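Reviewing the structure listed below.
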Amino acid sequence: MELDFLSAHMRNPPIFRGIFSSFYPVPRTRLILCPNESQLGNFSLFPSVHFNCFSCAAVQIVEPNCPSVEKKQNFQDSVGSRRLSTKELKYGTKKRLVERGDGGFLIKDKKRGLKWYSEMLKDYAAKLCLKEGKALHGEMVRSGVEPDSHLWVSLVNFYSKCGDLVFAENAFDLLPNRDVVSWTALIAGFIAQGYGSKGIFLFREMRGEDIRPNEFTLATVLKGCSMCLDLEFGKQLHAEVVKGAPFSDVYVGSALVDLYAKCCELESAVKVFFSMPEQNSVSWNVLLNGYVQAGQGEEALKLFLKMPDSEMRFSNYTLSTILKGCANSVNLKAGQVIHSMLVKIGSEIDDFTSCSLVDMYNKCGLQNDALKVFLRTKNPDTVAWTAMISGLDQQGQKREAIQLFCLMRHSGLRPNQFTLASVVSAAADSMDLRCCKSIHACVYKFSFDSEEYVSNALIAMYMKFGSVLDGYRIFSSLSNRDIISWNSLLSGFHDNGTSYEGPKIFRQLLVEGLRPNIYTLISNLRSCASLSDASLGKQVHAHVVKTDLGGNVYVGTALVDMYAKCGQLDDAELIFYRLSEKDVFTWTVVISGYAQSDQGEKAFRCFNQMQREAIKPNEFTLASCLKGCSRIASLDNGRQLHSVVMKSGQFSDMYVASALIDMYAKSGCIIDAESLFQSMGSSDTVLWNTIIYAYSQHGLDEKALETFRTMLSEGIPPDGITFLAVLSACSHLGLVKEGRRHFDSIKNGFGITPSMEHYACMVDILGRAGKFNEMEHFIEGMELAPDALIWETVLGVCKAHGNVELAEKAANTLFEIDPKAESSYILLSNIYASKGRWADVSRVRALMSRQGVKKEPGCSWTEIDNQVHVFLSQDASHPKLKDIHKKLTELASRITAAGYIPNTDYVLHNVSDKEKIDNLSHHSERLALAFALMSSSRNSTVRIFKNLCICGDCHEFMKLASIVTNREIVIRDINLFHHFSHGTCSCKDYW
């Protein structure tokens, strides 16, 4: 141990001993001092210093025997980390040193000695040499130096500037007379280390001691106010400045401008700035930066043009500030002018300005130009790399951002938290979980896992991948969770499987006292939309109203979406039309809501209104509107949308192309749908599914299976929807073995878990083939418990085969599962009626009445000249009813002459044969046919849509009608399309 010397030989004045003991706990050890053997041949003023603990810096000077003292101009200091200059030794040469009995030296002239110590502390403070200064302080203590006021201030100033604020405050507390200089030194130290509030507190104490601040004090404390955004106290200081000498000091004026600018009081900042007697580069740059930080890039540019001093205007800092303003306001033209100025003055490749240029070009969307500037930078620092990586990420070039990060790592530079947050964001969209986990490992490697900014990005990344447990684990590890952390967590609970967690998290967020922002509310509304929970959505809506965010276009869009998906379109409309600003996403949401609720006409009217307001539709708008047309089979509107798609050049979008093919297929135009599919240069699973399903629905089942085989040969992976269409085609064709093979391949061949719809298709295949025992055995062996869909399918095949016993079993099961389902009663009643069991028919209808279930009336509709005409059986409401009946009578006589005989077995009512024939002749599809024949051109295809299944008699009637009229008749019933042409139907009489 080397510090016993201090306890045994200390002869210091009491006051200095107090300050020293408050700094350094003096251990009871022995200090061993040995002359330092010069390793470089240089004389050492402090030859050997050995420390046993960091807090002690007491030093004894020992002079070695060195004959070259007089010749050396530079000497090694006590720590050996740097050399003392001639100036540093001005007051410490051998001429003024007197040897003590203990082998050390004392400075002969006390006044010069104090000055020498002050000079040394000043130099150490300027160069932030904390260890060296402590060593010098230790020598002062050991040598028994009694400091004067100047040396006291030098000590406070040294420790403040070197960041050792505890030592600085201790030294300050022991000052016998504290003046404005010492107070200012201490205040400046705290503010320099980021403790603005503490600096203000000290200033108040100073004023309490009636010490008047000087210009430097005021400028320093104003900086502290800016740091902690304490505008009120800053205004009090402003008043003190005005009372003294109004802005006589340019730095005080600059500090005031900075305060007002950072506190978003730009009007006050401008007033102060222009009331200053003179402005220097600092004040100009402070105001410019204030405008930029407030997002007023254009105002910053105007101020820049007013700068009188061209040298000041062309400084790198000023031009970099203006470039930030150009970036924030996306003013590319001004940014390019500044770039040309930088080239002109030769500062383009400066690291600082290059970084600003990269940022400007990135935010203006010119990543190639940003990359060119970046590549010309000789030694890009971490900030420049980060700006480039962030720019690529924000412009959607995720892969490039990750690649650039890898290059940065190879260059040996250490990323900061902003670099990692940007690359985490890019990785989240890369769809490569392995890459994401590698970047997460980098975060740990560089010890940024506790950094809030990075952790929030990691949470959002895992949530995008659906790895909610990983995201929640990071969220739970955060010690300080801000609203961004909660929003990142909420972003993972929008899907149907996890949506129920969203409202729970939202409640917890409120319990912890956090105020939800726009993103919080949007996330929670999306969860409510996925849950179709309008009640919960209305509670969130109440929060929207409370926070006065109802007028925000993004929140408004989320509200419209939530109400539309919950089936409350009246509320959705109300919010939609209240919005003062509607963008393409808002319009798309309301159009999609109409389309999903089978209000295709409203969707199309809304689309037209959107175009009148000069809002350009995107691919989702067009696809949603086409979906609405598909649902109501509005061919004319669909064709208009097709022309819009072609004009906007969005036909290559798979989503739009699929919607177009589906629209034509569901409107009965399978040839147009097929032509569109074949014209596509590339296709995905959704597109193949659309055409396969279209073939199956139009009775072209061989084509459906052939297309499926082509899809597999081209390497397109099928999904669950593909197999629904394939199994449906097998059912229509009666292909039991092939259907069983395809069903088995769903799980065994493609690793897809069969859904209830797949099982229902297989039940239909077996039942239509009359294999009832095999069908029942299949149902018993299902991995899923049979639900209403399975028993409805059983009931349907029983009707086709007249299997009353199994039909009763299936119907009774359905009555228990869903007693309000109309189809169960109707099918069982029809089976009884086909067998002539009228008492059982009456019993079923009575049961139906008791349950409050009403039969949906059969209706048909056709579209003529962009207007839909609807017909009900025995309808008497149409204005052209007489002409329709006249046309129908004429058509019936021609068809009868061609061999038509009414089949009264399809009239499931216990009435006379004459009434049965009359009932058949007024079925809704026949009324629609007659109207279409008399209202359309002679060569056009007749397209009729029906809400129920076409009966066998009407099916035969339509086949003969296609002969006598020489017209193609397309009827879409609840099951599939029937194309009647030349006396045949595409369904091959099997539906």
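The values are calculated or read from the model by the stated rules, or taken from the named source; none is laboratory data. The structure presented is a predicted model; accordingly, all values stated were derived computationally and were not measured. As a convention, Cβ positions derive from the backbone with ideal geometry for all residues, glycine included, and neighbour counts pool all protein chains shown. We work out accessible area using only protein heavy atoms, side chains counted, and drop any ligands, DNA or RNA first. Shrake-Rupley method; radii C 1.70, N 1.55, O 1.52, S 1.80 Å.
Take the stretch 682-718 and flag every residue that is more than 14 Å from residue 976 (Cβ to Cβ), aliphatic (A, V, I, L, M) and open to solvent by 50 Å² or more (accessible area, probe 1.4 Å). Result: 686, 712. The residues of the stretch 751-777 that are open to solvent by 20 Å² or more (accessible area, probe 1.4 Å) and either at positive phi or in a helix (DSSP H, G or I) (or both), listed by number, are 751, 756, 757, 761, 764, 768, 770, 772, 773, 774, 776, 777.
Among the residues of the stretch 949-991, how many are within 24 Å of residue 935 (Cβ to Cβ), in a helix (DSSP H, G or I) and within 56 Å of the chain's Cα centre (by Cα)? Counting residues in the stretch 949-991 that are within 24 Å of residue 935 (Cβ to Cβ), in a helix (DSSP H, G or I) and within 56 Å of the chain's Cα centre (by Cα) gives 3. Checked against (1) at pLDDT 85 or above; (2) out of contact with any Lys or Arg (no Cβ under 8 Å at 6 or more places or on another chain), residue 933 passes all but a single condition, namely (2).
What about residue 939, is it out of contact with any helix residue (DSSP H, G or I) (no Cβ under 7 Å at 6 or more places or on another chain), open to solvent by 10 Å² or more (accessible area, probe 1.4 Å) and modelled with pLDDT of 90 or more? Give the steps one after another, and end with the answer.
Values: out of contact with any helix residue (DSSP H, G or I) (no Cβ under 7 Å at 6 or more places or on another chain): yes; open to solvent by 10 Å² or more (accessible area, probe 1.4 Å): yes; modelled with pLDDT of 90 or more: no.
Against the criterion (out of contact with any helix residue (DSSP H, G or I) (no Cβ under 7 Å at 6 or more places or on another chain), open to solvent by 10 Å² or more (accessible area, probe 1.4 Å) and modelled with pLDDT of 90 or more), residue 939 does not qualify.
Matching residues to (1) among the basic types (Lys, Arg); (2) in a helix (DSSP H, G or I); (3) in contact with a Leu (Cβ under 9 Å, 6 or more places away or on another chain); (4) open to solvent by less than 60 Å² (accessible area, probe 1.4 Å):
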{"residue": "357", "(1), (2), (3), (4)": "no, yes, yes, yes"}
{"residue": "365", "(1), (2), (3), (4)": "no, no, yes, yes"}
{"residue": "371", "(1), (2), (3), (4)": "no, yes, yes, no"}
{"residue": "393", "(1), (2), (3), (4)": "no, yes, no, yes"}
{"residue": "415", "(1), (2), (3), (4)": "no, no, no, yes"}
{"residue": "423", "(1), (2), (3), (4)": "no, yes, yes, yes"}
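Yes or no, residue by residue, for (1) closer than 29 Å to residue 819 by Cβ; (2) touching a Cys at 6+ places or on another chain (Cβ under 6 Å):
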{"position": "847", "(1), (2)": "yes, no"}
{"position": "853", "(1), (2)": "yes, no"}
{"position": "861", "(1), (2)": "no, no"}
{"position": "864", "(1), (2)": "no, no"}
{"position": "872", "(1), (2)": "yes, yes"}
{"position": "879", "(1), (2)": "no, no"}
{"position": "883", "(1), (2)": "no, no"}
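Considering each residue of the stretch 901-936, count those that are open to solvent by less than 40 Å² (accessible area, probe 1.4 Å) and farther than 23 Å from residue 881 by Cβ, and give that number. Of the residues in that region, 2 qualify.
Taking the stretch 615-633 as the range and being among the polar types (S, T, N, Q) and either surrounded by 24 or more Cβ atoms within 10 Å (Cβ to Cβ) or within 15 Å of residue 587 (Cβ to Cβ) (or both) as the test, the residues that pass are 618, 621, 624.
Let me confirm something: among 190, 167, 233, which residue is open to solvent by less than 80 Å² (accessible area, probe 1.4 Å) and in contact with a Phe, Trp or Tyr (Cβ under 8 Å, 6 or more places away or on another chain)?
Details: 190 fails: in contact with a Phe, Trp or Tyr (Cβ under 8 Å, 6 or more places away or on another chain); 233 fails: in contact with a Phe, Trp or Tyr (Cβ under 8 Å, 6 or more places away or on another chain).
Criteria check complete, one pass: 167.
Every residue, every condition in (1) of a type outside the set (Asp, Glu); (2) part of a loop (DSSP other than H, G, I, E, B); (3) open to solvent by 30 Å² or more (accessible area, probe 1.4 Å), yes or no:
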{"site": "253", "(1), (2), (3)": "yes, no, no"}
{"site": "264", "(1), (2), (3)": "yes, yes, yes"}
{"site": "267", "(1), (2), (3)": "no, no, yes"}
{"site": "274", "(1), (2), (3)": "yes, no, yes"}
{"site": "283", "(1), (2), (3)": "yes, no, no"}
{"site": "286", "(1), (2), (3)": "yes, no, no"}
{"site": "302", "(1), (2), (3)": "yes, no, yes"}
{"site": "318", "(1), (2), (3)": "yes, no, no"}
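Taken as a whole, the stretch 839-861 holds at least one residue that is β-branched (Val, Ile, Thr), in contact with an Asp or Glu (Cβ under 8 Å, 6 or more places away or on another chain) and surrounded by 14 or more Cβ atoms within 10 Å (Cβ to Cβ). Condition test on residue 158, is it out of contact with any Leu (no Cβ under 7 Å at 6 or more places or on another chain), buried (at least 23 other Cβ atoms within 10 Å of the Cβ) and more than 20 Å from residue 251 (Cα to Cα)? No. Under 6 Å by Cβ, and 6 or more places apart or on different chains, what pairs join a residue from the stretch 188-217 that is on the phi < 0 side of the Ramachandran plot with one that is in a loop (DSSP other than H, G, I, E, B) and of a type in the set (D, E, K, R)? The qualifying pairs are 215/249. Given the condition hydroxyl-bearing (Ser, Thr, Tyr), crowded, with 23+ Cβ neighbours inside 10 Å, outside any loop (DSSP other than H, G, I, E, B) and in contact (Cβ under 8 Å) with a residue 24 or more places away in the chain, answer yes or no: does some residue in the stretch 434-453 qualify? Within the stretch 434-453 (the criterion being hydroxyl-bearing (Ser, Thr, Tyr), crowded, with 23+ Cβ neighbours inside 10 Å, outside any loop (DSSP other than H, G, I, E, B) and in contact (Cβ under 8 Å) with a residue 24 or more places away in the chain), the answer is no, since none of the residues qualifies. Scanning the stretch 328-337 for residues that are part of a helix (DSSP H, G or I), of a type in the set (A, V, I, L, M, F, W, C) and either loosely packed, with under 14 Cβ neighbours inside 10 Å or more than 33 Å from the chain's Cα centre (by Cα) (or both) yields a total of 1.
Rundown of residues vs (1) under 43 Å from the mean Cα position of the chain (by Cα); (2) closer than 20 Å to residue 762 by Cβ; (3) without any contact (Cβ under 8 Å) to a residue 12 or more places away in the chain; (4) not in a helix (DSSP H, G or I), yes/no style:
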residue: 705; (1), (2), (3), (4): yes, yes, no, no
residue: 708; (1), (2), (3), (4): yes, yes, no, no
residue: 715; (1), (2), (3), (4): yes, no, yes, yes
residue: 718; (1), (2), (3), (4): yes, yes, no, yes
residue: 723; (1), (2), (3), (4): yes, yes, no, no
residue: 726; (1), (2), (3), (4): yes, yes, no, no
residue: 739; (1), (2), (3), (4): no, yes, no, no
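Taking the stretch 942-974 as the range and being without any contact (Cβ under 8 Å) to a residue 24 or more places away in the chain and either within 23 Å of residue 629 (Cβ to Cβ) or open to solvent by 10 Å² or more (accessible area, probe 1.4 Å) (or both) as the test, only 966 passes.
Meeting the requirement of 3 or more residues that are among the hydroxyl-bearing types (Ser, Thr, Tyr) and under 29 Å from residue 468 (Cβ atoms), the helices (runs of 4 or more DSSP H) wholly within the stretch 496-592 are 518-531, 553-565.
Listed here are the residues, each with its yes/no results for (1) touching a residue at least 40 places away in the same chain (Cβ under 8 Å); (2) within 57 Å of the chain's Cα centre (by Cα).
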{"residue": "803", "(1), (2)": "no, yes"}
{"residue": "812", "(1), (2)": "no, yes"}
{"residue": "815", "(1), (2)": "no, yes"}
{"residue": "819", "(1), (2)": "no, yes"}
{"residue": "823", "(1), (2)": "no, yes"}
{"residue": "828", "(1), (2)": "no, yes"}
{"residue": "838", "(1), (2)": "yes, no"}
{"residue": "842", "(1), (2)": "no, no"}
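Any chance you could count how many residues in the stretch 454-487 are within 17 Å of the chain's Cα centre (by Cα) and assigned to a loop (DSSP other than H, G, I, E, B)? Total meeting the criteria: 4. Considered as a group, the residues in the stretch 679-699 that are in contact with a strand residue (DSSP E or B) (Cβ under 9 Å, 6 or more places away or on another chain) and either of a type in the set (Val, Ile, Thr) or assigned to a loop (DSSP other than H, G, I, E, B) (or both) include one that is nearest to residue 655 (Cα to Cα), and that residue is 698.
Within the stretch 783-876, considering only helices (runs of 4 or more DSSP H) that don't extend past its boundaries, which have at least 3 residues that are among the charged types (D, E, K, R)? Break it down into steps so the answer makes sense when it comes.
Values: elements: 788-801, 804-817, 822-834, 838-850.
Output list reads 804-817, 838-850.
Using beta carbons and a limit of 9 Å, which pairs, at least six apart or on different chains, have the first residue in the stretch 506-520 and open to solvent by 50 Å² or more (accessible area, probe 1.4 Å) and the second one in a helix (DSSP H, G or I) and among the aromatic types (Phe, Trp, Tyr)? Matching pairs, first to second residue: 508/486; 512/486; 519/554.
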